[in-house]
Amino acid sequence: MVPAQATPEGHADPEAGDGTTPGDAHADATIARLYGEPLLHLPTDLYIPPDALEIFLDAFEGPLDLLLYLIRKQNFNILDIPMAQVTLQYLEYVEQIRKTNLELAAEYLLMAAMLIEIKSRMLLPKRVDTLVEEAEDPRAELVRRLLDYEQIKLAAQQVGALPQLDRDFLRPQLPIEQAPGPILPHVDPHDLQRAWMDVLRRAKLTQHHRIGREELSVREHMSAILRTLQSARFVEFSELFGGQATVPVVVVHFVAMLELAKETLIEITQAEPFAPIYVRLAYSPA
C-alpha cells in the first residue's frame, strides 16, 4: 500500500454567498488521499506497528553517560552536584525509556536507586562528635566514577578523531604490470634430470661421425714389444696390450707379436693348459 498523504481542509469559496461549497463536507471528512482520491474512513486491514510512532531520545552509552550529560548541559560543578535536581531529570529520562525498552531501563534504574540513596544519606542529620572523623561525602564515589568516565570518553573521542583507513582516507593502489624483481621458480631435482636427459637425446640426434684413415706400422709395434721384453724376463700376454686404446692399434700390436714369434725373436710359453701365457725374448746361445 502506498503511504497516504494528508491534505489540508477545504477553504471557502470567496464567490459563494454563504462562504461554503458542496465539497466542504467531504473535505472536512477526508483524513487522507490515496492516489488522489479522498479517504473518508480508515481501512479495516490497516496495520500500524506498535513502534511506528516511537520517539527516539538522545542516545547515551550508559547511566554514567546520561549523568555526565545532565551535569555538563546545565554547567553544574561536578564536585558539588545538586542531587535533587539531577535525580529528578534523570528519573524523567528513565521513565521515558522504561515505557519502550524495559531491558535497557534496568541498568538506568540501578543508577537511579544509587542517586536516591545518595540523596537520602545527604538528608540525614550529621553527628557532632569531635572524636569521630568527619564522614566522607556520599557523592565522592559517584564523582570519582564520573571523572574517570569523562576522561576515558574524551580519550576515546580523540582516538576516534584520528584519520582511519577506509573512513577518512583510502590506501592508493596502483596496478603494476611487471614485478620489481624476477621471481625465480623452484627447480626440482627430477625436473633437472629430465632436462639433462632431453639435452642428451637432442645431442645424439645432431652428432656427427667422422671416419678417418690412421696409418699404423707393424715394425714400430715390433720394436715397442722388444723394448718392453728387454726390461723384464717374462711378461704376461695381457700386459703387452695395457697401453693400447683402440681396436685397430690392438690388432696391429698382436700382428707385430706374431711376426716376432715367426722370426724366432720372442717365445710364447704356457706351463699347462689354462695357465697364464707368458712372452719372453728368445734364447740365443753365445
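The values are calculated or read from the model by the stated rules, or taken from the named source; none is laboratory data. Here the structure is a predicted model, which means the values were calculated and not measured. Backbone-built Cβ (ideal geometry, glycine too); neighbour counts: all protein chains shown. Just the protein is used for accessible areas: all its heavy atoms, side chains included, with ligands, DNA and RNA removed. Shrake-Rupley method; radii C 1.70, N 1.55, O 1.52, S 1.80 Å.
If you place +1 on the Cβ of every Lys and Arg, -1 on the Cβ of every Asp and Glu, and leave all else neutral, what size is the dipole of the stretch 144-199 about its Cα centre, to the nearest 20 Debye?
540 debye
Dipole size in debye (nearest 20) for the stretch 65-112 around its Cα centre, Lys and Arg Cβ +1, Asp and Glu Cβ -1?
I would put it at about 120 debye.
Among the lysines, which have Cα under 18 Å from the Cα of Lys153 when same-chain residues fewer than 8 positions away are ignored?
Partners within reach: Lys73.
So what's the net charge close to Tyr278: Lys and Arg +1, Asp and Glu -1, counting the other residues with Cβ under 13 Å from its Cβ?
Charge balance near Tyr278 sits at -2.
Quick query: amide H of Leu39 versus all other amide H atoms, modeled in the peptide plane; which residues come in under 5 Å with a sequence gap of 5 or more or a different chain?
Correct list: Ile31, Ala32, Arg33, Leu34.
To the nearest 10 square angstrom, what accessible area does Phe76 show with a 1.4 Å probe?
Taking all protein chains as shown, Phe76 has close to 40 Å².
Would you mind getting the accessible area per residue of the stretch 195-285, heavy atoms of the protein chains only, 1.4 Å probe, in Å²?
On the way: 7380 Å² over 91 residues.
Averaged over the residues of the stretch 195-285, the accessible area is 81 Å².
Which ³J(HN,Hα) values, rounded to whole Hz and listed in residue order, are derived for the stretch 192-197 from phi using the Karplus coefficients 6.51, -1.76 and 1.60 in 6.51 cos²θ - 1.76 cosθ + 1.60 with θ = phi - 60°, glycine and proline given as x?
Whole-Hz 3J(HN,Hα) from phi for the stretch 192-197: 5, 5, 5, 5, 5, 5.
Go through the stretch 110-120 residue by residue and turn each phi into a ³J(HN,Hα) via Karplus (6.51, -1.76, 1.60, θ = phi - 60°); whole Hz please, and just put x for glycine and proline.
5, 5, 4, 4, 5, 5, 5, 5, 4, 5, 5
Using only the heavy atoms of the protein chains and a 1.4 Å probe, how would Glu37, Glu95, Glu177 rank by accessible area, largest first?
Final ranking, largest accessible area leading: Glu177, Glu37, Glu95.
Which order do Glu236, Glu136 take when ranked by solvent-accessible area (1.4 Å probe, heavy atoms of all protein chains), largest first?
Reading off the accessible areas and sorting them downward yields Glu136, Glu236.
Out of the trypsin sites (Lys or Arg not before Pro) in the stretch 195-261, which ones are loop residues according to DSSP with at most 16 other C-beta atoms within 10 Å?
When the trypsin sites (Lys or Arg not before Pro) of the stretch 195-261 are filtered for loop state and at most 16 Cβ neighbours within 10 Å, Arg210, Arg213, Arg233 remain.
Rank these residues by their accessible area, most exposed first, probe 1.4 Å: Met83, Met197.
Met197, Met83
Quote the charge dipole size of the stretch 179-286 about the Cα centre in Debye, to the nearest 20; the model charges only the Cβ of Lys and Arg (+1) and of Asp and Glu (-1).
320 debye
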